[in-house]
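Here the structure is laid out as structure tokens; the discussion comes afterwards.
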Amino acid sequence: MPMLLPRILLFVSLVAACGCRNPLPAFPGAAASDPAAKAVLERSAEAHGGLDAYERVDGVAVGFAGEWLGGIHRFQPVLVDRGFRQVSRERYVFRDADGEPLPHPVVGQRHDGEAGTKWVRWQGREVPVGIAYRGRDGEPVAPHPEARAVTESSALVAEAYRMFLTGPFFFLERDARADAETAYAPAERAEVGGVACEQVLVRIRPGFGLSEEDRVLVAVGRDDGLLRRVRFSLDGFSGTGGAVADVVFADWIRRGGLRWPTRFLETVTFPLNRDVHAWEMIALSVARDGSGTGPAAAGIAELTPAHWSPRAAGRTRPVRVTRGWQAEDWPAEVREDLPAGHPGRALER
């Protein structure tokens with residue numbers, strides 16, 4: 001029996017046996033989307049710079065560094081992928097070369113860690129998930145014995161990280177896509193880090209990665225409109241079905257006319273109730289109005305070292321975060337299976 005299966009079964013059994021109440025409410029049965037609930041997200045979008053500014057963004061290049069906490073790698077070794085996911089360089093492409101919205105945003109992630117490098121390309125269900133591993137010596141790593149689990153977890157992570165980065169825009173841009181359905185419902189008010197928040201329950205179909213449906217409880221500051229927390233289901237990966245996670249955001253900066261969170265803390269609130277991942281932004285570039293999405297066009301700006309915690313600063317030492325976005329750095333299995341002219345080629349611009 002593969003070593004992964006007992007760990008998945010252990011986690012699933014924790015979900016089933018947990019006597020605590022699931023903190024993520026069910027979406028109201030046949031209820032239609034509530035315009036007043038959606039308006040909370042629209043107000044949050046304005047606080048983050050506005051939809052007009054967001055729709056001028058062609059793409060974003062960003063660097064992250066983080067630390068895994070609470071022994072989560074023992075429960076979820078494939079999802080965490082700790083040997084590879086310590087520092088990441090990521091590209092999010094929203095528009096094609098003509099400035100038109102892509103059918104589905106393209107996410108390209110390069111993760112680096114002690115074991116080597118992992119690349120992921122995700123652009124919705126219509127295109128196979130691109131995944132590649134390389135060891136520290138640059139040579140290909142043997143295929144993982146649980147290939148389906150790697151695919152599910154990689155797609156889930158790529159889609160969720162787009163939500164973490166773009167906040168309210170993640171939900172509102174789905175309304176214009178033919179392949180997505182988004183519904184909003186009011187939820188109880190809450191307090192996040194001492195900040196009074198309004199909450200909206202959002203149902204997204206399809207869900208994160210390969211999930212058919214997910215729910216997200218969004219907490220928006222009542223006074224400042226900033227998105228403070230997302231609480232979401234993890235049904236896109238068979239090893240986390242039924243589990244719920246929170247990500248709390250902090251320390252926003254302004255780039256490209258928008259406000260971006262730079263510190264993130266993830267907690268598995270059900271069934272474990274423990275902090276599992278803390279990370280922060282270490283580089284950011286926003287390409288707008290046809291300026292391109294590559295570092296040559298937009299300029300990858302490393303954030304000042306004073307902005308980093310000592311832990312994040314230490315994680316960046318082995319890797320230059322201002323390199324690694326160029327097309328030649330991406331393995332063939334991540335990019336060359338797309339035909340010429342396909343929107344996914346946007347990663348190569």
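Only the coordinates and a few stated rules stand behind these numbers; no lab work does. Values in this document were obtained by computation on a predicted structure and should not be read as measured data. When we count neighbours, we look across all protein chains shown, and the Cβ atoms used for this are built from the backbone with ideal geometry, even at glycine.
Whole Å is fine, so just give me how far the alpha carbon centre of the range 228-253 lies from that of the range 59-89. Comparing the Cα centres of the range 228-253 and the range 59-89, I get a distance of 14 Å. With N as its number of residues, the range 173-297 has a Cα radius of gyration that, divided by 2.2 N^0.38 Å, comes to 1.18.
If only the Cβ of Lys and Arg carry +1 and only the Cβ of Asp and Glu carry -1, the dipole of the range 65-178 around its Cα centre is close to 180 debye. Taking the alpha carbon gyration tensor of the range 63-187, multiplying each eigenvalue by 5 and rooting it gives semi-axes of 28, 18, 14 Å, largest first.
Here the range 164-247 is treated with +1 on each Lys and Arg Cβ and -1 on each Asp and Glu Cβ, and its dipole about the Cα centre works out to around 80 debye.
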